[in-house]
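Step one of this worksheet: look at the structure below.
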Amino acid sequence: MDREAEPPASEPLKFAPNDTARLDWKKELQNNITTIDELINKIEITPAEELILREVVDAHPMNIPQYYLDLIDQDDPNDPIRKMCIPSREELVVAGAMGETTKDPYGDDKHDKGNGILHKYGYTALVVSTEYCAMYCRHCFRKRMVGLENDKTVENFREAAKYIAAHEEITNVVVSGGDPFMLPTDVIARMLEPLRDIPHLNYVRIGSRAPVVFPVRFLDDELIELLEDFNRDKTLYVPTHFNHPNELTPEATEALARLRSAGISVNNQAVLLRDVNDDVETLTDLMNGLIRIGVNPYYLYQCMPVSRVRHHFQVPLKTGVDLVDKARQQLDGYAKRFKYIIGHDIGKIEICGRIDDKLILKQIHARAGEENDASRMLVHKLDDTGGWLDDLPPIELT
Ligand code: SF4
């Protein structure tokens, strides 16, 4: 069912006001589906498929909130929600037909300063707060770390804040993960506190997909009060990650309303995913639906060449650029503000459009020390299959 057909607010919330068990986010998290044995009780899966999925979750764990699982249309084997949360045999393909893959497409490791700090762009520091997410999205670009033991997360937030305070070029901090809102509220408070008084910080972002996959987290008054209080001293933004209009439910709308009531702006960073949102109608419904609930469409990412992801999720750039152009023709000014982006090792690159087989790009962020590259225009030769900048030869403009 396309939830755009009806205004979300007209549907009742699944979290009934007297359902105290489901309103307690920590208890609700315990209802997550994390094993194939639990999954086969909820979703129809053939015995042959079951065997394969056991192998898949050994490589990349599964974690699905009951709320998100309930959004699946069980009668539709191609349901887009299903593709984002249920493991697939395609994940066994490490490289795949679409070309080379990597575990670290954004080059995080090169900019790892220790203690969970990634410092790629001079003006932005990213703090990896946890490896845990309410849901482990099958298309995640940090698939190599989410839900897995790793040494990339912050151990001492006061020390992280000292690093940020010592680097006056940093204008903003992204608290990321994993999903920072899966940490207890008092831990989030301890993480934010030392950032309050750093004078050169203009704002702080907390990146989270919880409004989409686990909206009950935002019914926690203590959390909303904490965010509202912090936002008075230091402007807070929440980048989130809606990919499909079916995710724009009454519950997600309520989570957004609560964040907005705390004075927080929410920006959306979607990913273009094959068989999920790679058609004009879905993209336009998504962007219009976001605007309707007060979320700013900010980025539409080209799916990165991630091992176990690219093979089945990436859309060729030629298809992507045409889709985005057609969607933009139907969208009003606010709904079409998003940039179609390649999050590349060298920096962020906006895909502006194409002239015949020439892909027109503009770099908008460059790695620290390579700032001269930011704002440069690039032209690459398109073909029918290339899905990443490196697949397309550059064209020198004379
Ligand atoms: S919530 Fe974000 S970090 Fe976590 S698995 Fe999904 S895409 Fe990855």
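The values are calculated or read from the model by the stated rules, or taken from the named source; none is laboratory data. Only a predicted model underlies this, so the values are computations on that prediction, with no experimental measurement involved. Note that we place each Cβ from the backbone using ideal geometry, even for glycine, and neighbour counts take in every protein chain shown.
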Residue match in region 178-189 (condition: modelled with pLDDT of 95 or more, in contact with a strand residue (DSSP E or B) (Cβ under 6 Å, 6 or more places away or on another chain) and of a type in the set (S, T, N, Q)): no
Residues of region 132-168 that turn out to be of a type in the set (Val, Ile, Thr) and either within 25 Å of Arg274 (Cβ to Cβ) or within 7 Å of the ligand (Cβ to nearest atom) (or both), as a count: 1
Flag if Asp151 is touching a helix residue (DSSP H, G or I) at 6+ places or on another chain (Cβ under 6 Å) and acidic (Asp, Glu): no
Positions within region 191-214 being within 16 Å of the ligand (Cβ to nearest atom) and out of contact with any helix residue (DSSP H, G or I) (no Cβ under 8 Å at 6 or more places or on another chain), in sequence order: Arg205, Arg209
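Conditions tested, residue by residue: (1) under 28 Å from Ser88 (Cα atoms); (2) of a type in the set (Ser, Thr, Tyr).
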site: Leu227; (1), (2): no, no
site: Val266; (1), (2): no, no
site: Asp275; (1), (2): yes, no
site: Met304; (1), (2): yes, no
site: Ser307; (1), (2): yes, yes
site: His311; (1), (2): yes, no
site: Pro316; (1), (2): yes, no
Strands (runs of 3 or more DSSP E) contained entirely in region 244-352, each with at least 2 residues that are more than 16 Å from the ligand (Cβ to nearest atom), under 17 Å from the mean Cα position of the chain (by Cα) and surrounded by fewer than 24 Cβ atoms within 10 Å (Cβ to Cβ): 339-344
Subset of region 168-177 that is modelled with pLDDT of 95 or more and not charged (D, E, K, R) - its residue that is nearest to Glu149 (Cα to Cα): Val175
Total residues in region 353-398, condition polar (S, T, N, Q) and assigned to a loop (DSSP other than H, G, I, E, B): 3
Unique match (being in contact with a strand residue (DSSP E or B) (Cβ under 6 Å, 6 or more places away or on another chain) and small (Gly, Ala, Ser)) among Ser307, Ser265: Ser265
Failed item in (1) of a type in the set (Asp, Glu); (2) in contact with a Phe, Trp or Tyr (Cβ under 9 Å, 6 or more places away or on another chain); (3) in the same structural domain as Val204 (by TED's automatic domain parsing); (4) away from the ligand (no atom under 16 Å from the Cβ), with Asp179 passing the rest: (4)
